[in-house]
Amino acid sequence: MRMTLSTLNWRRREMVRWLVTCATEIGVYALDSIMQSWFTLFTPTEATSIVATTVMSNSTIVHLHLDCHQQEKLASSARTLALQCAMKDPQNCTLSALTLCEKDHIAFETAYQIVLDAATTGMSYSQLFTIARYMEHRGYAMRAYKLATLAMTHLNLSYNQDTHPAINDVLWVCALSHSLGKNELASIIPLVVKSVKCATVLSDILRRCTLNTSGMVGLHGRRNSGKLVSLDKAPLRQLLDATIGAYINTTHSRLAHISPRHYSEFIEFLSKARETFLMAHDGHI
């Protein structure tokens, strides 16, 4: 294990599982021993996804006939391992650390702080969106919102990326923001406008925000509070202006490179643009 720790070996994952299985057969002492010295045997990803997960599984508890004290001792070692791995490799280990630390408040808070510390430099938008969705699933809507706003600062969606894999995440965070309240929506809109330049995506966000009005149950099952958000006022006015601007810029760009085989697609694009233009107070002029 030590010899292949820093070199690629196609059998390594199999050997990691074998070593953990052997330690499980030996007992609590062996499991605790490999967790205490994990950094000499495993990569952070191996330690969290295989070692700690196996240690905290119900099958291990049943197999070893562990009492409550032994269970907590092993769980504590596994949580410590998970936090160490998250600090060493936040990109690949923070979600596992959060999951492993769910039942311990202090450990969970520590794992969450590791995510926040790594968010600005050490994590991609896709990783942050994944953790944000996990947080919402766990019932931490405001934490999900905070992580999603950090993810948005890493995202750059250009005018022609209307099938970008992050689109669903952008729609999700806008729906989450709208469900939390006007202040959260007002904070996320400038980030959306800065990060997203694709006209069709912006118009989809705008349409969803206007449909999901006061008194209606939102996409997240929460009832929004406050008055109807006007398109003539912040925050949706900024989104409307950005959407119209994106349609104008994209139209100019497409006209410069259009060919007969693109005519029908371009007409469909103009129809969507018209729908957005009509949403403006002077759109009918």
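Scanning the range 227-277 for residues that are aliphatic (A, V, I, L, M), modelled with pLDDT under 75 and under 23 Å from L185 (Cβ atoms) yields L228, V229, L231, A234. Among the residues here, L191 does not qualify as more than 24 Å from G245 (Cβ to Cβ) and free of Cβ contacts under 8 Å to residues at least 60 places away in the same chain.
Does the range 171-180 contain any residue that is part of a helix (DSSP H, G or I), closer than 23 Å to L41 by Cα, of a type outside the set (S, T, Y) and touching a Gly at 6+ places or on another chain (Cβ under 7 Å)? No: the range 171-180 contains no residue that is part of a helix (DSSP H, G or I), closer than 23 Å to L41 by Cα, of a type outside the set (S, T, Y) and touching a Gly at 6+ places or on another chain (Cβ under 7 Å).
Quick check, is G122 at pLDDT below 95, small (G, A, S) and part of a loop (DSSP other than H, G, I, E, B)? Against the criterion (at pLDDT below 95, small (G, A, S) and part of a loop (DSSP other than H, G, I, E, B)), G122 qualifies. Condition check: at pLDDT 70 or above, hydrophobic (A, V, I, L, M, F, W, C) and either over 18 Å from L157 (Cβ atoms) or within 26 Å of the chain's Cα centre (by Cα) (or both). Does V217 satisfy that? So V217 fails the test. Residues in the range 81-126 that are farther than 27 Å from I167 by Cα and without any contact (Cβ under 8 Å) to a residue 12 or more places away in the chain were compared, and the one that is surrounded by the most Cβ atoms within 10 Å (Cβ to Cβ) is F108. For the condition touching a residue at least 12 places away in the same chain (Cβ under 8 Å), in contact with a Lys or Arg (Cβ under 9 Å, 6 or more places away or on another chain) and not basic (K, R), T40 qualifies. Report yes if some residue within the range 3-13 is part of a helix (DSSP H, G or I), closer than 18 Å to Q84 by Cβ and touching a helix residue (DSSP H, G or I) at 6+ places or on another chain (Cβ under 9 Å); otherwise report no. The answer is no, given that none of the residues of the range 3-13 is part of a helix (DSSP H, G or I), closer than 18 Å to Q84 by Cβ and touching a helix residue (DSSP H, G or I) at 6+ places or on another chain (Cβ under 9 Å).
A quick yes/no check of all residues on (1) under 13 Å from the mean Cα position of the chain (by Cα); (2) on the phi < 0 side of the Ramachandran plot; (3) of a type in the set (A, V, I, L, M):
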| residue | (1), (2), (3) |
| --- | --- |
| A97 | no, yes, yes |
| E102 | no, yes, no |
| M142 | no, yes, yes |
| Y159 | no, yes, no |
| D162 | no, yes, no |
| A166 | yes, yes, yes |
| V192 | no, yes, yes |
| C198 | no, yes, no |
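Name the residue that is surrounded by the fewest Cβ atoms within 10 Å (Cβ to Cβ), counting only residues in the range 38-73 that are hydroxyl-bearing (S, T, Y) and not in a helix (DSSP H, G or I).
S57
Here the range 127-168 is the region considered, the condition is being among the β-branched types (V, I, T) and in a loop (DSSP other than H, G, I, E, B), and the residue that is surrounded by the fewest Cβ atoms within 10 Å (Cβ to Cβ) is T163. Here H65 clears all of (1) modelled with pLDDT under 95; (2) on the phi < 0 side of the Ramachandran plot; (3) not aromatic (F, W, Y) except the condition numbered (2). Summed over the range 2-17, the residues that are aromatic (F, W, Y) and either closer than 15 Å to T45 by Cα or in contact (Cβ under 8 Å) with a residue 12 or more places away in the chain (or both) give a count of 0. Do any residues in the range 252-275 that are in a helix (DSSP H, G or I) have Cβ atoms under 7 Å from those of residues that are at pLDDT below 80 and of a type in the set (V, I, T), where the two are at least six apart or on different chains, and which pairs are they? Close Cβ pairs (under 7 Å, with a partner that is at pLDDT below 80 and of a type in the set (V, I, T)) amount to F266/I258.
The values are calculated or read from the model by the stated rules, or taken from the named source; none is laboratory data. All figures in this text were calculated on a predicted structure; none of them were measured in a lab. Reconstructed Cβ throughout: ideal geometry from the backbone, glycine too, with neighbour counts over all protein chains shown.
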